[in-house]
Structures are given as C-alpha cells and as structure tokens.
Amino acid sequence: MKNNTKSLWIGIGVLIAVVVIVAMIGLFAIKPEPEVIMGEVSASEYRVANKVPGRIDTIFVTEGESVMVGDTLAYVSSPEVDAKMMQAKAAQSAAAAQSVKARNGARQQQIASAYEMWQKAQVGVDIAKKSFDRVQTLYEKNVVSAQKRDEVEAQYNAALATANAAKQQYDMAMEGARDEDKLAAQALVAQASGAVSEVQSYIDSRYLVAPCDGEVVEIYPRRGELVGTGSPVMSVLDMGDVWFSFSVREDMLRDLKVGSEADVYIPALGEQTYKARVTQLKAMASYATWRATKMTGQYDVKSFDVKLVPTEPIADLRPGMTVIIKN
C-alpha cells in the first residue's frame with residue numbers, strides 16, 4: 001500500500017507539472033505579438049530648372065556631391081537671350097535720345113530758321129499793308145473798283161495769317177517740347193529700361209544655383225543637350241528637412257496623436273531607438289485592405305498618412321531607409 005500511495009502521489013505531481021507547463025506554453029503561445037508599423041525616411045527634394053530654353057554648356061557638380069545654398073550648379077547657353085539683350089539696349093538708347101531731345105528742345109539752327117521765317121512774314125505784312133492802304137485811298141476816290149480793293153485786302157489778311165503762323169513756330173522752337181511730349185519720352189525710357197532689366201534677369205538665370213544646403217541626388221540632361229523652359233536639370237535633396245512617413249490603419253492610431261512622441265527604430269542604423277514627434281495626421285484617399293474588426297457589424301478601416309519628425313538630428317540618416325514603430 002505504501003508503495004502504491006507513493007507512486008500515486010508521484011503520478012499526481014507529474015501530472016500537475018505537465019499541466020502547469022502546458023498552461024504556461026499556451027499562455028505564451030496565445031500572447032499577441034506587438035503590432036509593427038513600418039514606414040520610410042523622407043526628405044525635401046528641390047528640382048532645379050532653367051528659366052530660358054538653351055543648351056547645357058557646363059555642369060559644375062556631380063551626383064552625390066554636397067552643395068551650399070547659392071552654389072553654381074550648371075550653366076545654360078542661350079544665344080537668343082544675348083540677341084534680345086542687344087535689341088533691348090538699342091531700344092533703350094533710342095528712348096534716351098528722344099528724352100534728351102524733348103528735354104533740350106529745338107536746336108539753335110532751328111530756332112534761328114523759325115525766327116527768319118517770322119521776320120520774312122513780317123516784311124510781307126508790311127508790303128501788303130502799304131498796298132492795301134494805297135488801294136483803299138484810290139477806292140475812296142473811285143479810281144479802282146471794289147473787286148480790286150477786296151483782292152488786295154485778302155492778300156493783306158493772308159500775309160497777317162502767315163506772319164502769325166511763323167510767330168507761333170518761332171515761339172514753339174523757343175519753348176521746346178510740350179510737357180506731355182517730355183513725359184511720353186520719359187515713359188519710353190522707363191519702358192526700355194524695364195525691358196533691359198527683364199532680359200538681364202534671363203541672362204542671370206542661365207547660371208543655375210543651389211536653392212538650399214543639400215546633396216545633388218540626380219542630374220537629368222547631359223552636357224550639350226537642349227533643355228526647354230522649366231525643364232528640370234537636377235534634383236537637390238535638403239538633408240536638413242527630414243521626416244518619417246507612415247501609412248497607418250485608423251484602428252492603430254491610439255498612441256499616435258499630433259504633438260505626441262513615439263520611439264522609432266531604424267534597422268539600417270542598428271538597435272538604437274530614436275524619439276520622433278507626430279506633426280501631421282491626414283486621411284489617405286484610398287482605403288486599406290478590408291478587415292473585420294468585429295465578428296458582427298464589420299466595416300472598412302481607413303488608412304492615414306502619419307508624419308513624424310525626429311526631435312534631434314540623427315547621424316547617417318538617409319531618405320528611403322525603413323523606419324519601424326512597435327505599437
């Protein structure tokens with residue numbers, strides 16, 4: 001009996017141990033794994049484009065090279081712009097000459113010529129006046145007819161009109177151009193100067209410069225190729241403006257609120273975690289893969305575009321790297 005009882009207790013102990021072990025294994029087996037949210041590193045990218053059509057003359061940088069804001073990246077040759085500048089400068093010179101002419105008035109020779117014409121007209125008036133007086137006297141004595149008197153009077157009036165016209169021409173020559181003409185000439189100068197400034201801006205834009213501190217990631221055309229207006233020549237990555245992009249289902253947004261912080265893990269940089277702050281939550285246009293959130297009353301789960309910014313600079317961080325949040 002003692003041996004049987006002992007064996008029974010041993011069996012019971014073994015059975016209890018087996019049950020405990022099985023229960024622990026089951027507990028660990030059914031314990032849910034932490035949900036992993038995967039995203040990638042993104043950065044601002046600027047496309048450097050030319051303002052005028054032309055041919056790529058020189059490229060001063062290579063892909064992967066670091067640049068500073070304002071550095072010259074490439075030069076676009078455009079003979080058409082040089083021709084436009086010649087035309088604009090010629091128009092500017094002509095407008096300036098017109099303005100000087102309007103400001104200075106008539107030349108001395110023109111003034112002298114107008115004065116001589118006025119004096120000549122005055123002499124004609126004197127002669128016509130004497131002729132009219134003689135004929136008038138004869139008319140009063142009934143020596144000449146009324147028709148003859150009227151003809152001489154008409155000649156006298158015509159001489160007066162000619163003298164007045166010559167006097168006005170002389171006065172205009174003395175006064176110079178009218179104020180309206182001077183203002184019009186000044187406006188032409190301003191218009192021509194604006195055209196020169198416009199073409200100069202096109203000339204300056206033939207030198208493509210870096211819009212920010214960053215890295216040249218891609219160069220599109222080769223030296224000697226033609227490029228049109230607005231065509232991108234190269235892309236510059238702004239490594240100072242880096243963030244993490246995630247596409248997250250709405251049922252996994254519990255701890256991701258705007259302003260909250262999360263620990264992110266970047267496999268390419270080792271096991272270390274980094275702090276990042278949520279700056280944007282935006283509903284995406286398309287829906288995520290349908291999944292049942294309940295046994296009854298199933299509904300679609302929408303995805304959100306979540307943007308996080310690292311709280312501190314991360315060394316060796318590169319766009320395109322995978323980023324993980326364990327939720």
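Every residue in region 112-127 that is closer than 13 Å to GLN168 by Cα, crowded, with 17+ Cβ neighbours inside 10 Å and modelled with pLDDT under 75, please.
If the condition is that a residue be closer than 13 Å to GLN168 by Cα, crowded, with 17+ Cβ neighbours inside 10 Å and modelled with pLDDT under 75, then ALA114, TRP118, ALA121 are the ones that fit.
For region 203-230, what are the residues that are in a strand (DSSP E or B) and open to solvent by 80 Å² or more (accessible area, probe 1.4 Å)?
Step one: list which residues in region 203-230 are in a strand (DSSP E or B), which gives 207-209, 214-219, 226-227.
The answer is TYR207, GLU218, LEU226.
Yes or no, residue by residue, for (1) open to solvent by less than 100 Å² (accessible area, probe 1.4 Å); (2) at pLDDT 65 or above; (3) closer than 30 Å to ALA91 by Cβ:
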{"residue": "LYS130", "(1), (2), (3)": "no, yes, no"}
{"residue": "GLN136", "(1), (2), (3)": "yes, yes, no"}
{"residue": "VAL152", "(1), (2), (3)": "yes, yes, no"}
{"residue": "GLN168", "(1), (2), (3)": "no, yes, no"}
{"residue": "GLU180", "(1), (2), (3)": "no, no, yes"}
{"residue": "LEU183", "(1), (2), (3)": "no, yes, yes"}
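Criterion first (touching a strand residue (DSSP E or B) at 6+ places or on another chain (Cβ under 9 Å) and modelled with pLDDT of 75 or more) does VAL217 satisfy it? Break it down stepwise before answering.
Numbers: touching a strand residue (DSSP E or B) at 6+ places or on another chain (Cβ under 9 Å): yes; modelled with pLDDT of 75 or more: yes.
Spelling it out, VAL217 is indeed touching a strand residue (DSSP E or B) at 6+ places or on another chain (Cβ under 9 Å) and modelled with pLDDT of 75 or more.
I'm checking my understanding of the structure. Among residues of region 66-79 that are surrounded by 12 or more Cβ atoms within 10 Å (Cβ to Cβ) and not hydrophobic (A, V, I, L, M, F, W, C), which one is farthest from LEU208 (Cα to Cα)?
The selected residue is SER66.
Among (1) at pLDDT 90 or above; (2) more than 27 Å from ASP241 (Cβ to Cβ), there is one condition ASP82 misses while meeting the rest; what is its number?
ASP82 satisfies every listed condition except (1).
So which residues in region 294-326 are modelled with pLDDT under 85 and either open to solvent by 50 Å² or more (accessible area, probe 1.4 Å) or among the aromatic types (Phe, Trp, Tyr) (or both)?
Across region 294-326, the qualifying residues are LYS294, MET295, THR296, GLY297, GLN298, TYR299, ASP300, LYS302, LYS326.
The values are calculated or read from the model by the stated rules, or taken from the named source; none is laboratory data. None of these values were measured; they are calculated from a predicted model. Heads up, the Cβs are rebuilt from the backbone with ideal geometry, glycines too, and the neighbour counts pull from every protein chain shown. Ligands, DNA and RNA are stripped out before the accessible areas are found, and what is left, the full protein with its side chains, is counted by its heavy atoms. Shrake-Rupley method; radii C 1.70, N 1.55, O 1.52, S 1.80 Å.
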